Amino acid sequence: MIVDDNEINRIVIETLLKQKGLTTHIVVDGKQAVECIANGLCPDLILMDCQMPVMDGFDATRHIRRWESEHYKSRIPIVALTAAAFDHDRQHCFDAGMDDYLSKPVSITELREILKRWIDKA
């Protein structure tokens, strides 16, 4: 699942994932991501933008982690997508419950590494 309010970012990431033969589901804010998970969508990976309107990626991640726990669901890997690249920014992502970190602009090489790390078939 790609969660990003920026259309260009969504298109770029979706194109890269499709080139790898992966199916994508796209939403534009954290609230939609939480709703999708609560309604039964179970993606192999969530690429979560951190700064979005309606609900940011940090809150969305916390909601998803709470929902997984309350419903005894397996933990879905959530990878932060952010332009912030300092160590304290990374720590904020991990503190929210994210599993990994990918800085923007997304590079093909880094995205491939993330996919290999978190998705067996990538």
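Every number in this text was worked out from the coordinates using simple rules, so none of it is lab data. None of these values were measured; they are calculated from a predicted model. Positions of Cβ are backbone-derived with ideal geometry, glycine not excepted, and every protein chain shown enters the neighbour counts.
Of all the criteria given as (1) in contact with a Phe, Trp or Tyr (Cβ under 9 Å, 6 or more places away or on another chain); (2) under 18 Å from Asp4 (Cα atoms); (3) of a type in the set (A, V, I, L, M), the one not satisfied by Ala38 is (2).
Taking the stretch 62-77 as the range and being outside any loop (DSSP other than H, G, I, E, B) and surrounded by 15 or more Cβ atoms within 10 Å (Cβ to Cβ) as the test, the residues that pass are Arg62, His63, Ile64, Arg65, Glu68. Hey, can you tell me all the residues within the stretch 83-94 that are over 12 Å from the mean Cα position of the chain (by Cα) and either loosely packed, with under 13 Cβ neighbours inside 10 Å or outside any loop (DSSP other than H, G, I, E, B) (or both)? Passing the criteria: Ala83, Ala85, Phe86, Asp87, His88, Asp89, Arg90, Gln91, His92, Phe94.
Taken over the stretch 14-50, the criterion of being assigned to a helix (DSSP H, G or I) and either under 17 Å from Pro77 (Cβ atoms) or touching a residue at least 12 places away in the same chain (Cβ under 8 Å) (or both) is satisfied by Glu14, Leu16, Leu17, Gly30, Lys31, Gln32, Ala33, Val34, Cys36, Ile37, Ala38. Here Pro53 meets each of (1) outside any helix (DSSP H, G or I); (2) under 13 Å from the mean Cα position of the chain (by Cα); (3) not hydroxyl-bearing (Ser, Thr, Tyr) with one exception, condition (2). Of everything in the stretch 101-120 that is in contact (Cβ under 8 Å) with a residue 24 or more places away in the chain and of a type in the set (Lys, Arg), the residue that is surrounded by the most Cβ atoms within 10 Å (Cβ to Cβ) is Lys104. Ala80 versus (1) in a loop (DSSP other than H, G, I, E, B); (2) in contact with a Leu (Cβ under 8 Å, 6 or more places away or on another chain): which is the lone unmet condition? That leaves (1) as the condition not met.
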